[in-house]
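The values are calculated or read from the model by the stated rules, or taken from the named source; none is laboratory data. All figures in this text were calculated on a predicted structure; none of them were measured in a lab. Glycine also receives a Cβ, built like all others from the backbone with ideal geometry; neighbour counts cover every protein chain displayed.
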Amino acid sequence: MSKIEILQVGPYPAWDEERLNASFTMHPYFQASDKAAFLAKHGGGIRGIATRGELGASRAMIEALPKLEIISVYGVGYDAVDLSAARERGIRVTNTPDVLTKDVADLGVAMMLAQARGVIGGETWVKSGDWAKKGLYPLKTRVHGKRAGVLGLGRIGFEVARRLAGFDLEVAYSDTGPKDYAKDWTFVADPVELAARSDFLFVTLAASVETRHIVGRKVLEALGPEGMLINISRASNIDEEALLDALEARSLGSAALDVFEGEPNLNPRFLALDNVLLQPHMASGTVETRKAMGALVFDNLSAHFDGRALPTAVL
Ligand code: 8YV
């Protein structure tokens, strides 16, 4: 019997590709120089898409695959999948929640600590010889005892808040309403008000059309020249032009960012700034977590084609 055909939208680690290739005929879309010709050639037989969180699946891609039944996302965020196009055709969508939650929270808190304490600059100070030449490293900012705001208290936001409480920060959060699992933390409905009372503002919202640019000029102004913005969600949650303006004008103190519009080709204005910490979208990037994510991508596809319940269905 011939194997089921899957469109592979982005690369995966070798262990995932081996497992997928053993069970399915994988079509590596990401390697094709002429994407339209690739879809025209293979599209007719494809029944599944294996994609990545940041790559998703567009309406055009979905429409080019008449036999498509399932889209399996390697990532918790599925904002890049055109859900209405999938819904119209009854196409199933799965993601990889839970397995990455704590790693993403860890990196968010690590970025806050690294940026506040000048860890990257400190290493440069040592390696460049500045320590011996110029003397003591400039003093940095204390973290404990400060006020943190968590914008979006879902799974990742909750783990961020728990960690921040462990580092003795005072935690407040915004969400659609107060959460019964967040009794020790202060609920603040308005993101601008949350920013105004925060030294560190974490963006941990699942991205959607509704949350687009939820962090705009007003939130950045409220966070202020001593404030730090940390984004481990999606770039679309932040008005990036407003963020760059605020960082350049120093009306916002600093930012620590793992996600960018148009990544990996980020706006060059970021590269000229000395008040940012920039990471290559790697919050879930540990071997352990990526193995668990890859296993879920595979398990969801297998379950679907074997007629079993999907382990982590979105649609
Ligand atoms: C991944 C992510 O880096 O989970 C998500 O939504 O953005 C990240 O965990 C990405 O999906 C891997 O391609």
Filtered residues of the stretch 12-28 (kept if within 16 Å of the ligand (Cβ to nearest atom), free of Cβ contacts under 8 Å to residues at least 24 places away in the same chain and surrounded by 13 or more Cβ atoms within 10 Å (Cβ to Cβ)):
Glu17, Pro28
Quick check on the stretch 151-169. Is at least one of its residues assigned to a strand (DSSP E or B), free of Cβ contacts under 8 Å to residues at least 60 places away in the same chain and charged (D, E, K, R)?
no
Name every residue in the stretch 170-201 that is in contact with a Phe, Trp or Tyr (Cβ under 9 Å, 6 or more places away or on another chain) and under 19 Å from Gly227 (Cα atoms), in order of residue number.
Glu170, Val171, Ala172, Tyr173, Ser174, Thr186, Val188, Leu194
Is at least one residue of the stretch 204-214 under 20 Å from Leu113 (Cβ atoms), within 16 Å of the ligand (Cβ to nearest atom) and in contact with an Asp or Glu (Cβ under 6 Å, 6 or more places away or on another chain)?
no
Tell me, please, whether a residue that is within 16 Å of the ligand (Cβ to nearest atom) and assigned to a helix (DSSP H, G or I) can be found in the stretch 272-284.
no
Residues that are in contact with an Asp or Glu (Cβ under 8 Å, 6 or more places away or on another chain) and within 15 Å of the ligand (Cβ to nearest atom), drawn from the stretch 231-245
Asn231, Ile232, Arg234, Ala235, Ser236
Flagged in the stretch 98-114 as more than 14 Å from Ser233 (Cβ to Cβ) and not in a helix (DSSP H, G or I), in numbering order, are Asp98, Val99
Provide a single number: the residues in the stretch 233-258 that are touching a residue at least 40 places away in the same chain (Cβ under 8 Å) and part of a loop (DSSP other than H, G, I, E, B).
3
In the stretch 81-97, what residues are among the small types (Gly, Ala, Ser) and assigned to a helix (DSSP H, G or I)?
Ser84, Ala85, Ala86
Sort through Gly43, Gly129, Gly135, Gly121 and tell me the only one that's assigned by TED's automatic domain parsing to the domain that holds Glu261 and in contact with a Pro (Cβ under 9 Å, 6 or more places away or on another chain).
Gly121
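Residue-wise test of (1) in contact with a strand residue (DSSP E or B) (Cβ under 8 Å, 6 or more places away or on another chain); (2) touching a residue at least 24 places away in the same chain (Cβ under 8 Å); (3) away from the ligand (no atom under 13 Å from the Cβ).
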{"site": "Val73", "(1), (2), (3)": "yes, yes, no"}
{"site": "Gly77", "(1), (2), (3)": "no, yes, no"}
{"site": "Asp82", "(1), (2), (3)": "yes, yes, yes"}
{"site": "Gly90", "(1), (2), (3)": "no, no, yes"}
{"site": "Thr94", "(1), (2), (3)": "yes, yes, no"}
{"site": "Val99", "(1), (2), (3)": "no, yes, no"}
{"site": "Asp103", "(1), (2), (3)": "no, yes, no"}
{"site": "Asp106", "(1), (2), (3)": "no, yes, no"}
{"site": "Gln115", "(1), (2), (3)": "yes, yes, yes"}
Leu229 within 16 Å of Val109 (Cα to Cα) and not basic (Lys, Arg)
yes
It is to be established whether one or more residues within the stretch 114-135 are surrounded by 21 or more Cβ atoms within 10 Å (Cβ to Cβ) and of a type outside the set (A, V, I, L, M).
yes
Which of the residues that make up the stretch 192-208 are free of Cβ contacts under 8 Å to residues at least 60 places away in the same chain and crowded, with 22+ Cβ neighbours inside 10 Å?
Leu194, Ala195, Ser198, Asp199, Leu201, Val203, Leu205
Go through the residues of the stretch 32-46 one by one and say whether even a single one is within 16 Å of the ligand (Cβ to nearest atom) and crowded, with 21+ Cβ neighbours inside 10 Å.
no
